[in-house]
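The values are calculated or read from the model by the stated rules, or taken from the named source; none is laboratory data. Here the structure is a predicted model, which is why all the values come from computation and not from measurement. Cβ coordinates were reconstructed from backbone atoms using ideal geometry, including for glycine residues, and neighbour counts include every protein chain displayed. Just so you know, the surface numbers come from the protein's heavy atoms only, side chains and all, with ligands and any DNA or RNA stripped out. Shrake-Rupley method; radii C 1.70, N 1.55, O 1.52, S 1.80 Å.
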Amino acid sequence: MEEKVTQAAPGAAPQKPKKPLPKSRIMVGEQLAKLYQDTIDAKARGEKIGWSASIFPQEIAEALGLYIVYPENQAAGLAARHQSDDLLAHAEAAGYNMDICSYARTSLAYMDTLTAESNNMPKPDFVLCCNNICNQLTKWFENLAHQFQVPMFLIDTVYNYDPCASEEKVKYVRAQIDDLIHGLEEISGKKMDYDKLTEVMRISQRNKDLWREANELLAAKPAPLAGFDLFNYMSCMVCNRGKESTTAVLEQLISEIKENIAQGKSTFPVEEEYRVFWEGIACWPYLGHTFKTLKKYGINMVATGYVNAWGLEYEPGDLDGLARAYIDLPNNNNNLETVVARRIEAHKKFQVDGTIYHVNRSCKVMDCQQYETQRRISEATGIPFTSFDGDQADFRAYSEAQYETRIQGLVEVMEQRKKEREGGKG
Amino acid sequence: MDIQAILSQLSFAAENPRKMLEEQLAQGKKVVGCFPSYTPEELVDAAGMVPFGVWGAQMEPYLAKKYLPVFACPILQSSLEMGLSGKLDGLSAVVIPTLCDTFRCITQDWLAGVPHIPMIPVSYPQNRTDAGIRFLRSEFAVVKGKLEEVCGHPITDEDIKKSIRVYNEHTAVMREFTAVANEHLDIIDPVMRHHVMKSAWFMPKAEHTRLMRELVTALKATQPTCFKGRRVLLSGIAAEPDSLLQILTDNNVAVVGDDLAQESRQYTAPIPEGQGDPLLRLAGKWRGQLCSLAHDEGKGRVDMLVDMANVTSADGMIFCQMKFCDPEEYDYPLISRALKEIGVPTLCLEVDQQPGSTEQIRTRLQTFAEMLG
């Protein structure tokens, strides 16, 4: 594709040349583009293709060699490129309330149009849903299945009000995984090769370990990476976590991060004055503004629960373990005590100075216990926090001024704490 | 008792939940709060305790804002507010189902904010397969154990079987009422219909069944009237406050059927008959429940409403959209489209529990009634 060149206005300062992308970024971009294209090609060949929720047991479809695309990834990508506004309007005109998750509204509009400016996905032959993130996914995918008149496979992981999954729950989810295998075998006409499934599970575990390693390298002080950079690699875990191509991307990323550490460098463009934990999904339509505002104060987001939400842990070949992992991992499926304990551990490990809570208008499951979460984490760690109103994909729910003011307030407290610490040392 | 006396008793219960609670407490009974929309109430009854609906109230939340953003479900906001402000004191426990995203969080907020009223969570499976129903049975067994701690004695299989009979009788009489009420739309106007249905949440079921039997008998003994106005269905979580329903009466509109979680959705099916494991039978009721809160790949709710519109000769449907209730928001476009196809117009009306002016609602309902002809 020919690169677009913008003519600078006479007298304007010369444009800063863009830094070349690291090899891992090019690899992940190519990997995602290939997934979309492969799925389109598979559909054209007459193969059955599916749409899936992001924390769905992808291992099953991957082992069957089915092509799967992810509406959440599609919606996030469109929002980040400011290409979802028309789709949001379309959904609302079709009767979908603005209160509904903006990923879902984007997707339900795309369901009608099957046309977007990018990330196009062919019509599905089946949909795969898992409600371990939220219950809205169940309703969203029901509507997709109904409109397309295709089967829906729901893995219902049932909310963990207790600290971890009961045996009864594991049995229930395991039965659903068995039903999923049989259902996909029937649709695709392929037979599950259980050795292949074990191999996919092994690759997925390797990728999970690499992803965790990449994230944990940001515990170094100063961090060798701008935390926002990791958002660029999430598609590896959302859409391709059972593939060896992800192993290659993540190994490359880790080698680049380690090289930064060895050379005392970081992709964070200014000196790291403060380190923060980011709670909640990114504000995709304002990714630039959220990042630049932090950068202005030297704040690096070194940890987030969201990026870590794909650390599913099980023994390859153990389908009960697979069921348990999909129940127990996502924070949204866990009780407050569990979430708070995980967060406190991360706050300590990454040595953060503050927490930023995104009150994501799309995500009631993240918001409706967030105030208590804020209080408990702050009380346990003594770390100050702020929150701001935003949305993962609806540009109308975010105010630049509010975000800037809130961050400024947090900086004042962090600065004071820093002075006290430094004074204490002296 | 004549019809008016029975209706007045039922209206009193619907309008005065706190007094109904105090009446039970004064009789030395233990009362357990049951959150919307589904809990195994039968187990509370089997324990010799009184199940009591917690459906929030018309109020401006204040204390609940410490836990919830403004865009949380109004019913759950006001229910939490009631717990935090002591308005539910006297309850021995509450049972909260984790049916939607806000519900998941409310179980946790309740633990944090209302520790003096024990909370019993229950998770309903979304896949109503055999494995799902077995899982629900295991959930009910856990709930049963927790209720035994509250009541202080074991709940036997016989106790549960007896309660199943009580609840099935209640379901039957409620269904009978909604059918016979359509023959008497002059007596059972929208407000009164709502009071009758809502009162079930605040009385022991055997007592409510007795009153409802008397009411049905009395209505059947009364000459049916031919209603000349417009006939509508209500769908949604709840149709409140009364002032909203009064506008229907003012515009000569009657309610001839409902798919409200607070009302007829409770009575869509009886608990399966049989002599087997009573907990499994109890769980079996969930299998056929049509509701926005229960996974429904075939969107059976849409077909059910089309059938209801045909059977009741409804002129229109009012979708009572509980503010910020996303499960309902996903169903509405499909329902609206399907009813439009059979010539039944729908009006989507936002329902809230925070006090506000009803004038805009009045205008919209008046226009809708005029449109129905």
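For the options B:GLN321, B:GLN27, B:GLN354, a Gaussian network treatment of chain B with springs between C-alpha atoms closer than 10 Å singles out B:GLN27 as fluctuating the most.
For the range B:17-155, the solvent-accessible area works out to 31 Å² per residue, with a probe of 1.4 Å and every protein chain left in place. Protein heavy-atom surface of the range B:1-131, 1.4 angstrom probe: 54% of the accessible area is carbon and sulfur, with nucleic acids and ligands not counted.
What is the packing order of peptides A:267-275, A:416-424, taking the mean over residues of other C-beta atoms within 10 Å and listing the highest first?
On the way: A:267-275: 16.9, A:416-424: 10.7.
In descending order of packing, they fall as A:267-275, A:416-424.
Before we go on, tell me the buried accessible area for the A/B pair, both chains summed, 1.4 Å probe, in Å² to the nearest 100. Intermediate values should be presented prior to the final figure.
Numbers: alone 19550 and 15400 Å², together 30790 Å².
Summing both chains' loss of accessible area gives about 4200 Å².
Just to verify a number: FRET efficiency for B:LYS162 and B:VAL142, C-beta to C-beta distance, R0 = 30 Å, to 0.05? Kindly include the intermediate steps, with their values, before the conclusion.
Details: r = 21 Å, r/R0 = 0.71.
Efficiency, from the Cβ-Cβ distance: 0.90.
Peptide A:153-161 has a mean of 6 when you count, residue by residue, the C-beta atoms of other protein chains within 10 Å of its C-beta.
List, by residue number, every residue in the range A:365-382 with a reduction of 20 Å² or greater in accessible area between the chain on its own and the complete protein assembly, 1.4 Å probe. Checking the loss per residue gives A:VAL365, A:ASP367, A:CYS368, A:GLN369, A:TYR371, A:GLU372, A:ARG375.
Ordering A:405-412, B:237-244, A:212-219 by mean Cβ neighbour count within 10 Å, with the highest value first, yields B:237-244, A:212-219, A:405-412.
Need one number: % antiparallel among DSSP beta bridges in the range A:21-426, to the nearest 5. Before the final figure, lay out the partial values.
Numbers: 0 of 26 bridges.
Antiparallel bridges make up about 0 percent of those DSSP assigns within the range A:21-426.
For chain B, taking a cut-off of 4.7 Å between Cβ atoms, the unpaired cysteines are B:CYS34, B:CYS73, B:CYS100, B:CYS151, B:CYS226, B:CYS291, B:CYS320, B:CYS325, B:CYS348. Ignoring ligands, DNA and RNA, what percent of the accessible area of chain A is carbon or sulfur (1.4 Å)? The nonpolar share, carbon plus sulfur, comes to 51 percent. Scaling against 2.2 N^0.38 Å puts the C-alpha radius of gyration of the range B:17-155 at 1.04. Over the residues of chain B, the helix contribution to mean residue ellipticity at 222 nm works out to -15500 deg cm²/dmol, using -39500 (n - 2.57) for each DSSP H run of at least 4. Rolling a 1.4 Å probe over the protein heavy atoms leaves A:ASP178 with an accessible area of roughly 50 Å².
Residues of the range A:21-426: accessible area per residue at 1.4 Å, in Å²? It would help to have the intermediate numbers written out before the result.
On the way: 14870 Å² over 406 residues.
That works out to 37 Å² per residue.
Order the peptides B:15-24, B:144-153, B:190-199, A:140-149 from the highest to the lowest mean number of other Cβ atoms within 10 Å of their residues.
On the way: B:15-24: 16.3, B:144-153: 14.8, B:190-199: 23.5, A:140-149: 19.8.
Answer by packing, highest mean first, reads B:190-199, A:140-149, B:15-24, B:144-153.
Judged by a Cβ-Cβ distance under 4.7 Å, the unpaired cysteines of chain A are A:CYS101, A:CYS129, A:CYS130, A:CYS134, A:CYS164, A:CYS236, A:CYS239, A:CYS283, A:CYS363. Spatially, the range B:86-143 and the range A:394-426 are offset by 38 Å when compared through their Cα centroids. The spread of Cα positions in the protein assembly as shown, taken along each principal axis and listed from longest to shortest, comes to 91, 67, 60 Å.
Considering only alpha-carbon pairs that sit under 8 angstrom and 6 or more positions apart, the relative contact order computed for chain B is 19 percent.
Where in the range A:85-104 does accessible area fall by at least 40 Å² between the isolated chain and the complete protein assembly, at a 1.4 Å probe radius? Those are A:TYR96, A:ASN97, A:ASP99, A:ILE100, which lose 40 Å² or more relative to the chain on its own. Computed over the range A:21-426, the convex hull of the alpha-carbon atoms projects to a mean area of 19.3 nm².
Between amide H atoms placed 1.01 Å from N, distances below 5 Å from B:ALA93 occur with B:GLY33, all of them 5 or more places distant or on a separate chain.
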